[in-house]
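Step one of this worksheet: look at the structure below.
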Amino acid sequence: MPDPQPIYRRPDESAADMSSLVQLGLAEPQPVPEPPAPTVPPDQTTQAQENRATLTSALTDAGVTKTPDDEQAINALARLNPADIAAVTRWIAAKNSPPDKTLPDKAL
């Protein structure tokens with residue numbers, strides 16, 4: 001049996017990527033579009049303002065005087081979704097409401 005001879009593969013020039021074609025001078029560089037500027041949807045800004053107003057109202061109703069730290073916390077909480085804001089305002093209102101007297105003071 002004769003010795004096997006290596007097979008040399010020819011490069012397939014039709015499978016070149018664009019940068020290779022540009023380097024070979026066979027194509028012009030393709031323009032790269034600028035990424036779109038990030039924008040905040042207006043409904044999120046409006047929702048945050050509504051949430052901020054709701055939280056401020058709940059704190060005012062609870063008799064809390066705002067400090068700069070409270071303002072930072074309100075701004076952070078205002079980014080939550082409306083269901084979370086409703087829960088927080090419910091907790092604030094529950095903290096100031098009298099306890100429910102239908103249950104005994106000491107549970108078994």
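Where a number appears in this text, it was derived from the coordinates with a stated rule and is not lab data. This is a predicted model, so every value here is computed, not measured. With ideal geometry, Cβ positions are generated from the backbone for all residues, glycine too; neighbour counts draw on all protein chains shown.
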Distance between modelled label sites at Thr60 and Arg90, nm, 7 Å Cα→Cβ extension: 2.4 nm
Mean Cβ neighbour count within 10 Å, used as a protection proxy, ranking 21-28, 65-72 highest first: 21-28, 65-72
